[in-house]
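Input: a single structure, listed below in C-alpha cells.
The values are calculated or read from the model by the stated rules, or taken from the named source; none is laboratory data. If you're wondering where the values come from, they're calculated on a predicted model, not measured in any experiment. Counting neighbours? That spans all protein chains shown, and the Cβs are built from the backbone with ideal geometry, glycine included. Protein only, heavy atoms only, side chains kept; ligands, DNA and RNA dropped before computing areas. Shrake-Rupley method; radii C 1.70, N 1.55, O 1.52, S 1.80 Å.
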Amino acid sequence: MEHWNSTLGSGFILMGILKDSGSPELLCTTISVLYMLALTSNGLLLLVITMDVRLHVPMYLLLGQLSLMDLLFTSVVTPKTLVDFFHSENTISFGGCALQMFLALTLGGAEDLLLAFMAYDRYVAICHPLTYMVLMRPRVCWLMVTISWILASLNALGHTLYTMHFPFCMSRKISHLLCEIPPLLKLACADTSRYELMVYVMGVTFLMPPLIAILASYTLILFTVLHMPSNEGRQKALLTCSSHLAVVGMFYGAAMFMYILPRSLHSPQQDNITSVFYTIVTPALNPLIYSLRNKEVMGALRRILGKYVLWTHSTI
C-alpha cells in the first residue's frame with residue numbers, strides 16, 4: 001500500500017462531530033454554551049481559591065488543580081472544533097496533531113489521578129477528622145499534585161511519540177473530534193496489534209487503580225455517613241457523594257470506553273460522543289458539582305465581589 005509522508009504533507013483532516021450530526025447548528029450552540037460555562041465556572045473557582053486565604057486548605061488546593069486541568073483540557077479541543085465548523089476548515093498539521101494528543105493525554109491522565117487523590121482527601125476528612133491536618137498537610141497535597149502531573153506527562157509523551165512514529169496510509173481523514181490514539185491507529189499502515197495491546201494494558205493500569213481507590217473511599221465514607229446521628233447531615237452527605245460519583249462515572253466510563261474497549265467494538269459515532277463527555281461535558285460540570293454549590297466557596301465569591309464593588313466605587 002502506498003504511504004503518504006505526513007511530516008511533509010499537509011497533515012490530517014479532523015472530521016469532528018458537528019458536520020455529521022443531524023442538527024449541526026444546535027450541537028454547535030450546545031458545545032459553545034458548555035465551553036463558556038466551563039471557562040466561567042472554572043475561572044471563577046480558580047480566582048476565588050487563589051484570592052481568599054480561608055480557602056488555602058488541602059481540599060481547595062486539589063479543587064483548584066482540578067479546575068485548572070478542566071480549563072486547559074476543554075480548551076485543547078473545543079476552540080478548534082468551533083473554529084473549524086465556522087470556517088469550514090478542519091485540517092490539522094502533523095505537529096499540531098501530536099501536540100493536541102500530548103496535551104489531551106496529559107490533562108486527562110492528570111485528572112484521572114487527581115480525582116483519586118480528591119476521593120482520598122474526602123475519606124480522611126469524613127472518616128478520620130482528628131488526623132486530617134496531619135495526613136493531608138500541604139507537603140502531602142503538593143506531592144499528590146506533582147505526582148498527577150508528572151506521571152500523566154510521562155505517559156502522554158511515550159504514547160504520543162510511539163503513535164506518531166507509525167507510517168500512515170493515503171487517507172488523511174481522522175473520524176474523530178480530536179487527535180487520539182484509537183482513531184489514528186486506524187490510519188496506520190503498519191501492524192499495530194502489539195501497540196494496541198500496550199495501550200490496553202496502560203489504560204487498565206492508569207484507569208482502574210484510581211477508580212478502585214475512588215469507589216473504596218466513597219464506600220467507606222458511605223458507611224461512616226450512615227452512622228451519623230443527624231438525619232439532615234446524612235442526607236446532605238449522601239447527596240454530595242452521589243453527585244460526585246455521577247461525574248466520576250461519566251469521566252471514567254468515557255475514558256474506559258476509549259482506551260480499554262477492543263477496537264472492533266468502536267465506531268466513529270460512538271467514539272465522538274464518548275470524547276465529548278470527557279473533553280467538554282465533565283469540565284463544565286465539575287466546578288458546579290464539586291465547588292460552586294459549596295457555602296464556603298460562595299461566601300468567598302461574595303466577599304471578593306464585595307471588595308471589587310467597594311474598590312470601583314472608591315476609584316470613581
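Tabulated data
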| item | result |
| --- | --- |
| Subset of the stretch 104-124 that is open to solvent by 30 Å² or more (accessible area, probe 1.4 Å) and farther than 20 Å from residue 203 by Cα - its residue that is farthest from the chain's Cα centre (by Cα) | 123 |
| Some residue of the stretch 193-202 being open to solvent by less than 70 Å² (accessible area, probe 1.4 Å) and of a type in the set (D, E, K, R) | yes |
| Subset tally (residues that are buried (at least 16 other Cβ atoms within 10 Å of the Cβ) and either of a type in the set (D, E, K, R) or in contact (Cβ under 8 Å) with a residue 60 or more places away in the chain (or both)) for the stretch 261-272 | 4 |
| Residues being open to solvent by 60 Å² or more (accessible area, probe 1.4 Å) and over 30 Å from residue 129 (Cα atoms) - total across the stretch 24-62 | 8 |
| Check on residue 177, at pLDDT below 90, surrounded by 13 or more Cβ atoms within 10 Å (Cβ to Cβ) and touching a strand residue (DSSP E or B) at 6+ places or on another chain (Cβ under 9 Å) | yes |
| The listed residue being touching a residue at least 60 places away in the same chain (Cβ under 8 Å) and polar (S, T, N, Q), out of 148, 171 | 148 |
| Lone qualifier among 207, 220 - being in contact (Cβ under 8 Å) with a residue 60 or more places away in the chain, closer than 19 Å to residue 249 by Cβ and open to solvent by 70 Å² or more (accessible area, probe 1.4 Å) | 220 |
| Unique match (being open to solvent by 60 Å² or more (accessible area, probe 1.4 Å) and at pLDDT 95 or above) among 130, 143 | 143 |
| In the stretch 148-158, the residues that are touching a helix residue (DSSP H, G or I) at 6+ places or on another chain (Cβ under 7 Å) and open to solvent by 60 Å² or more (accessible area, probe 1.4 Å) | 149, 151, 157 |
